[in-house]
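See below for the structure under consideration.
No lab work stands behind these numbers, since they all come straight from the coordinates. Note that the structure is a prediction, hence the values are computed from the model and not measured. Cβ atoms come from the backbone with ideal geometry, glycine included; neighbour counts cover every protein chain shown.
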């Protein structure tokens with residue numbers, strides 16, 4: 001993953017839990033300055049190590065860390081200059097979700113080693129849809145749940161997410177039922 005992800009994890013922990021907690025997470029994870037270079041592609045294992053260290057230091061389940069990070073990521077990326085790209089992806093939650101792969105294609109022009117997930121929508125109604133999520137990375141369903149809640153905040157709708165099936169069970173991808181009001 002790119003250093004931008006690690007920077008966002010750092011900023012989330014510092015803003016929610018303080019500098020001292022962040023320093024403990026940093027120490028426990030074994031991360032170095034090179035892991036926090038925005039445009040540098042690094043080993044996914046370091047990002048997972050940061051989440052694992054945060055889970056231990058903050059005495060929180062990794063699933064809670066990932067969900068909080070997912071919510072934070074939507075706000076963080078908009079503030080980091082990606083807001084116009086996000087705006088172009090859609091003006092409503094379902095429109096945005098339907099255009100996520102196109103958004104990732106555009107981001108990939110800036111990040112040549114990007115290995116983004118893939119999303120597709122089906123069973124779209126006025127207040128719900130089914131979201132299919134596929135990634136070469138494992139264990140990130142909770143991140144997607146957090147992202148969906150963060151997008152709900154962005155689009156000023158209350159979002160509810162139900163994990164229908166997980167890549168951990170199917171070996172293929174994960175499916176979420178998403179509703180909003």
Scattering profile of the chain at q = 0.12, 0.15, 0.16 Å⁻¹ [log10 I(q)/I(0), Debye over alpha-carbon scatterers]: -0.56, -0.90, -1.03
The chain: angle of helix 100-110 to the longest principal axis, Cα-based, in degrees nearest 10: 40
Tilt relative to the chain, helix 44-58 - C-alpha long axis, 0 to 90 degrees, to 10: 80
Sum of -39500 (n - 2.57) over DSSP H runs of 4+, divided by residues of the chain (222 nm, nearest 500): -16500 deg cm²/dmol
Ranked 13, 5, criterion: other C-beta atoms within 10 Å, fewest first: 5, 13
Backbone N under 18 Å from the residue 23 label point (7 Å along Cα→Cβ), restricted to the range 48-66: 54, 57-58
With Cα atoms, 0 to 90° folded angle of helix 141-154 axis to the chain main axis: 70
Potential lengthening between residue 91 and residue 7 on full extension [0.36 nm per residue; Cα-Cα distance subtracted]: 27.5 nm
Enclosed volume per residue, in Å³, of the convex hull spanned by Cα atoms of the range 3-60: 65
Neighbour-count ranking [beta-carbon atoms within 10 angstrom, fewest first] of 44, 142: 44, 142
